[in-house]
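The values are calculated or read from the model by the stated rules, or taken from the named source; none is laboratory data. Given the structure is predicted, the values throughout are model-derived calculations rather than measurements. As a convention, Cβ positions derive from the backbone with ideal geometry for all residues, glycine included, and neighbour counts pool all protein chains shown.
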Amino acid sequence: MSSIQVRPATLRDAKAIAETHVAAWQVAYKDLLPKATLDALSVQKRQAFWREAIDLCEPQVVVAHLDGELMGFAGFDRSRDKGTPSTTGEIWALYVKPQHWDKGAGLALWDACRDGLQEEGCTKATLWAYLRNERALRFFELAGFKRELGSVRTTEVNGVRLEELRLHRSLV
């Protein structure tokens, strides 16, 4: 029986990470963003972004794979939110290819992020999720995250205003 493996991303993973990122957005956000916006997402632009992130280790990027196929990826590091202590980490991104949803890749990625943040001395983890992204909210709440009251903010994605909220959990 095969099992999902998680390892640090390499530059060779950048294209598969970008393809995963675009595919996950196109399915997960189909009710949040216009079809034209989702259709216009560029694997090439995402690949450039993730190549730089992997190269600079900002954020730290890990990939989940099964039998050599990349299933998903996650990026994590210190919190980018102003005023947070250095012991607060953040999940910057966690995406799984839609065909691999509900197969354990998300949990494997979260476990790797948690371990990596703990190794960095973090005692708390946060993340931002779109308020109407029920699938992601449910996943992270099952992983022990709680919604942070009063944290809702509005962001703009290609002219569409979306509300997102911060979730948090202890790592100790």
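Here are some notes:
- All conditions in (1) surrounded by fewer than 20 Cβ atoms within 10 Å (Cβ to Cβ); (2) under 20 Å from Arg114 (Cβ atoms) hold for Leu56, with the sole exception of (2).
- Condition check for Gly89: over 26 Å from Ser3 (Cα atoms), crowded, with 23+ Cβ neighbours inside 10 Å and either at pLDDT 95 or above or of a type in the set (Asp, Glu) (or both): yes
- Look at region 66-77: where a residue is within 10 Å of Leu109 (Cβ to Cβ) and at pLDDT 95 or above and a partner is part of a loop (DSSP other than H, G, I, E, B) and charged (D, E, K, R), sitting 6+ places away or on another chain with Cβ atoms under 7 Å, you get Met71/Lys97; Gly72/Lys97.
Every residue, every condition in (1) among the polar types (S, T, N, Q); (2) over 23 Å from Leu33 (Cα atoms); (3) surrounded by fewer than 14 Cβ atoms within 10 Å (Cβ to Cβ); (4) out of contact with any Pro (no Cβ under 6 Å at 6 or more places or on another chain), yes or no:
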position	(1), (2), (3), (4)
Thr84	yes, yes, no, yes
Leu109	no, yes, no, yes
Trp128	no, no, no, yes
Phe145	no, yes, no, yes
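- Near pairs, Cβ below 7 angstrom, 6+ apart or cross-chain, from region 24-53 (more than 15 Å from Gly159 (Cα to Cα) and at pLDDT 95 or above) to any residue that is of a type in the set (Phe, Trp, Tyr) and not in a helix (DSSP H, G or I): Ala24/Tyr95
- Test: residue in region 3-19 that is within 20 Å of Trp101 (Cβ to Cβ), loosely packed, with under 15 Cβ neighbours inside 10 Å and touching a strand residue (DSSP E or B) at 6+ places or on another chain (Cβ under 8 Å): yes
- Matching residues, region 64-82, being surrounded by 15 or more Cβ atoms within 10 Å (Cβ to Cβ) and closer than 14 Å to Thr126 by Cα: Ala74, Gly75, Phe76, Asp77, Arg78, Ser79
- Condition met for Gly144 (free of Cβ contacts under 8 Å to residues at least 60 places away in the same chain, more than 24 Å from Val22 (Cα to Cα) and in a helix (DSSP H, G or I)): no
- Of the strands (runs of 3 or more DSSP E) entirely within region 51-128, those holding at least 3 residues that are more than 19 Å from Thr20 (Cα to Cα) and of a type outside the set (A, V, I, L, M) occupy 88-96.
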